[in-house]
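The values are calculated or read from the model by the stated rules, or taken from the named source; none is laboratory data. Computed from a predicted structure; not experimentally measured. Virtual Cβ from ideal backbone geometry, glycine too; neighbours counted across all protein chains shown.
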Amino acid sequence: MLSFDEVSARLKDILSAEVGDRKVLDKDVAEALGIAPAYFAVLKKRGTLPLAQIADFCAGRKISINWLLYDQAPKSLEESTEKFATIRYFRQINASAGGGAINWEESYETIRIDEALVKLLGGRKRLKYIDALEVRGDSMEPVLRDGDLVAVDRGRRDVKSGGIYVVRIGEELFIKQIDLDGNLWRCVSFNGAYPTICVEPSDLHVVGEAVAVMQKGSV
C-alpha cells in the first residue's frame, strides 16, 4: 500500500481539477473525505489512512481505489475480476416441486458461479435477470431433485409450451413444466404420482424460466 503522503498527493491531484487554479491544501482533502482538518492532521502524523472515507471518496467519483492505494492500473485488474461472476441466491424462497411453498422473502445472499455456467445462462449481461432458488419436493424427479439449485431467468416470462418455469399460483410457489391446453395452463409434474394443476392464465404469475440446474453443493 502507498504511504499516507503518496495517497494524499493523489487525492490533491484529483481535487485540483475540482477547485480550479488555487493550491489544494490538507484541509481541502479533509473536507472532501468528510473528516475534520484537526483529525486529518492527527492521521497524517500517525501515517494512518482513513480507509472507509477514501473508499466513499473513490466510489462517489468512480475512481479505482486500487490505483489510489496500490498504484494498480484498472486494466490490470480486469482479467482477474472477469474470472468471477455472481448471482443472487434466495435461500429462504423454495420453489416447491411438491405441494407448494410460501417462503417468499426479500433477503438473499450472493453465490459465485463459474465461466461455463455464465455462458450457459447467456453471458454476463444476462446475469442481472438470474436468481437461484432451491427445489423442495420430489414431484419433478428425476429431472429436478430435492435440494437442487435452479437458475431462474426473470426476463423470460412469456411461457412457451413445454418449458419449465417457476410460477406463483395464489400464495404458493411452484416449479413445473407448463403446457397450454385450450384456454388453460397445465402445470405438469414429471413424477407421475403428482396430479397436473390446471389454471386460468389470469391465475398464473410467471416468475421466470428455469434455465439451468446446479446440483446441490455444486456452488
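Consider segment 147-167 and keep the residues that are surrounded by fewer than 17 Cβ atoms within 10 Å (Cβ to Cβ) and of a type in the set (D, E, K, R). The one that is farthest from R88 (Cα to Cα) is K160.
For segment 5-46, the tally of residues that are closer than 16 Å to C58 by Cα and of a type outside the set (V, I, T) stands at 17. If you go through segment 53-74 and pick out every residue that is of a type in the set (A, V, I, L, M), under 14 Å from V7 (Cβ atoms) and without any contact (Cβ under 8 Å) to a residue 40 or more places away in the chain, you end up with 2.
Taking every residue in segment 139-152 that is more than 22 Å from R124 (Cα to Cα) and pairing it with any residue that is part of a strand (DSSP E or B), at least 6 positions away or on another chain, the pairs with Cβ-Cβ distances below 6 Å are L144/V135; D148/V135; D148/V213. When V167 is tested against (1) of a type in the set (V, I, T); (2) in contact with a His (Cβ under 9 Å, 6 or more places away or on another chain); (3) closer than 19 Å to I87 by Cα, exactly one condition is not met: (3). Taking segment 100-115 on its own, how many of its residues are at pLDDT below 85 and either of a type in the set (S, T, N, Q) or part of a helix (DSSP H, G or I) (or both)? So the answer is 3.
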